[in-house]
Every structure is written in C-alpha cells, then in structure tokens.
1. Relative to the present Cα-Cα distance, how much length would full extension add between SER83 and ASP247 at 0.36 nm per residue of separation?
2. Working from Cα positions, state the angle (0 to 90°, nearest 10) between the long axis of helix 11-28 and the longest principal axis of the chain.
3. Just for the chain, what percent of DSSP beta bridges are antiparallel, to the closest 5?
4. By how many nm would the segment from GLN230 to TYR267 lengthen if fully extended, with 0.36 nm per residue of separation less the alpha-carbon distance?
5. Modelling each spin label as a point 7 Å along the Cα-to-Cβ direction, I'd like the HIS165/ASP27 distance in nm, to one decimal.
6. Quick check: pseudo-label points 7 Å beyond the Cα along Cα→Cβ at GLN134 and LYS191, how many nm apart are they?
7. Please list, in chain and number order, the residues 5+ apart from TYR267 or on another chain whose amide H is under 5 Å from its amide H, with Hs placed from the backbone.
8. For LEU89, enumerate residues with amide H under 5 Å from its amide H, sequence gap 5+ or separate chain, H modeled in the peptide plane.
Amino acid sequence: MRLLFLGDIVGRSGREAVLAGLPRWRDELKLDLVVVNAENASHGFGLSPQIARDLLEGGVDAITLGNHAWDRRDLIGQIDQFSQIARPLNYPVGTPGRGSCVINISRERKVLVVNVMGRIFMDPLDDPFRAVEQLLSQHRLGVTVQAIIIDVHAETTSEKMGFGHFFDGRASLVVGTHTHIPTADHRILPKGTAYQTDAGMCGDYDSIIGMEKGNALRRLLKKVPTERFQPAMGTATVSGLMVETDDKTGLALKVCPFRQGGDLSPYLPNF
Ligand SMILES: [Fe+2]
Ligand SMILES: [Fe+2]
C-alpha cells in the first residue's frame with residue numbers, strides 16, 4: 001500500500017498548495033491513501049467544518065488534529081459527523097469526536113489512522129502510550145487492518161522517538177507532528193515500522209512556524225502581548241513523507257520524505 005502523510009497544514013497558503021497538488025501526486029505516485037494533519041488549516045488556528053469538507057473532497061482520505069483541535073468552535077458540535085477525522089485519542093472520556101478512524105480503501109483493504117498527543121510541554125492528558133496500546137488491542141495489523149498510521153502530536157523529539165520504538169512492529173508508520181519543522185530521520189525501525197520525528201508543515205516557511213514573522217518576532221523580543229498571530233501567506237512547501245507497506249504484514253517496505261513547492265529543497269519519492 002502506498003501512503004502519503006502530510007504535516008500540519010497552516011492557513012490558506014498551505015491549504016491551497018495541498019489541494020492544488022494532490023490530484024497529480026495521487027496519480028503520479030499511485031497513492032492508495034492520503035492523511036493530513038489539519039489542526040492549523042483555518043487561518044492558522046483549528047479546522048472549520050467547511051475546510052474539512054474541502055480537504056476530504058479534494059483528495060484527502062483522513063484528517064488528524066492536535067492541540068488546536070477546538071480553536072474553531074464550530075467543529076466541536078459537528079466533528080461527530082466526520083468519520084474521517086481523528087482528534088487526540090487521549091482527550092478525556094466524553095470529549096466529542098474520535099481518537100482514531102478506520103478508512104476503507106476497498107473491501108479487503110482498511111487502514112487505521114490514530115491521532116494522539118504527547119504530554120511533555122503540552123496539556124496534561126491521559127498517558128498516550130497506554131491509550132494507543134489499548135486501541136491497538138482491538139485491531140490486528142495485516143489481518144483486521146492492512147495498515148496502521150499513528151500521528152504523534154508532540155513537542156519533544158524524545159517523546160516521539162519513544163513512541164516509535166514502543167510501537168515498532170505494531171504500526172506501519174509512527175510520525176510526529178506539531179513542531180512544523182521536518183526532521184531528516186525518516187527510516188524503518190528494526191521491527192518494521194516506518195518512522196519520522198516530525199513531518200514538517202504544509203505552509204509558508206518564510207515565517208515563524210507558519211506565522212507571519214514580524215508579529216511573532218515582536219512577541220519574542222519584547223515579551224509583550226501582540227495582536228493575534230496571522231498565518232504567513234507566501235508560497236507554501238507541502239511537507240510530509242511517503243511510505244510503501246506490505247498489506248500482508250502491515251509493515252513498511254520503503255519510506256521517503258516528500259517536499260514540494262515553496263522555500264524548502266524539493267524531494268519527490270522515486271519508488
Ligand atoms: Fe500545528
Ligand atoms: Fe500542535
């Protein structure tokens with residue numbers, strides 16, 4: 001199975017770059033499934049129901065979120081209508097939405113997509129390791145689902161790396177999101193799980209993690225409150241990674257970065 005995972009979409013520039021490129025990438029890379037993190041898709045903060053629909057109609061199969069899940073309040077009341085959106089799994093019991101979704105590619109091919117949030121320098125939440133372990137006990141990789149993708153939305157490289165090793169051999173892909181900067185450590189772990197500490201963002205990199213530079217710098221330099229951050233509107237780099245998996249085992253065969261457009265050096269998978 002050929003999977004594309006794209007990191008946090010930030011604002012209009014990120015959205016437009018993803019939607020403009022996806023039909024061609026789906027075709028050229030023969031993608032079976034596209035997952036995006038869209039916690040910053042609506043003007044940098046949250047995901048509106050309309051933008052969720054635009055992404056899902058524009059070639060995205062599943063959407064993950066993170067700490068900005070509820071910045072657009074209108075999603076809170078509507079998220080239960082979206083079977084393809086996963087918000088953090090370790091949110092308290094009773095939180096709207098779901099922490100994972102199963103996407104049917106065909107009758108014989110299903111993919112489990114999980115979103116979970118780290119706890120270091122983040123909101124205090126339930127143990128993300130136990131939450132995912134309990135969820136995975138309900139699925140069998142290569143039997144009930146042909147692939148499992150875990151988006152670990154976390155601040156620290158250590159917590160994400162820990163996640164990769166803890167679930168090595170039990171998921172097709174463990175990929176980090178949230179820092180908006182792609183890391184160069186994509187690889188297949190010893191027991192067959194593809195891993196990258198952070199997928200990077202789909203947004204304008206001539207910015208401070210996707211936000212317009214001036215305002216963000218003023219806040220850093222003067223330590224005074226400023227106006228609300230605005231997303232940078234220059235050309236976006238679409239950043240993520242592509243994985244090829246074996247349907248029979250659900251484990252990864254190949255992993256490769258994906259970067260197109262904007263300021264970062266381009267990279268297109270060649271498998
Ligand atoms: Fe983000
Ligand atoms: Fe985040």
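1. 56.8 nm
2. 30 degrees
3. 50 percent
4. 10.5 nm
5. Result for the modelled spin labels: 4.5 nm.
6. 2.1 nm
7. Sorted by chain and number, the residues that satisfy this are ARG259, GLN260.
8. Answer set, sorted by chain and number: ASN115, VAL116, MET117.
Where a number appears in this text, it was derived from the coordinates with a stated rule and is not lab data. Here the structure is a predicted model, which is why all the values come from computation and not from measurement. Please note: Cβ atoms are built from the backbone with ideal geometry, for glycine as well, and neighbour counts cover all protein chains shown.
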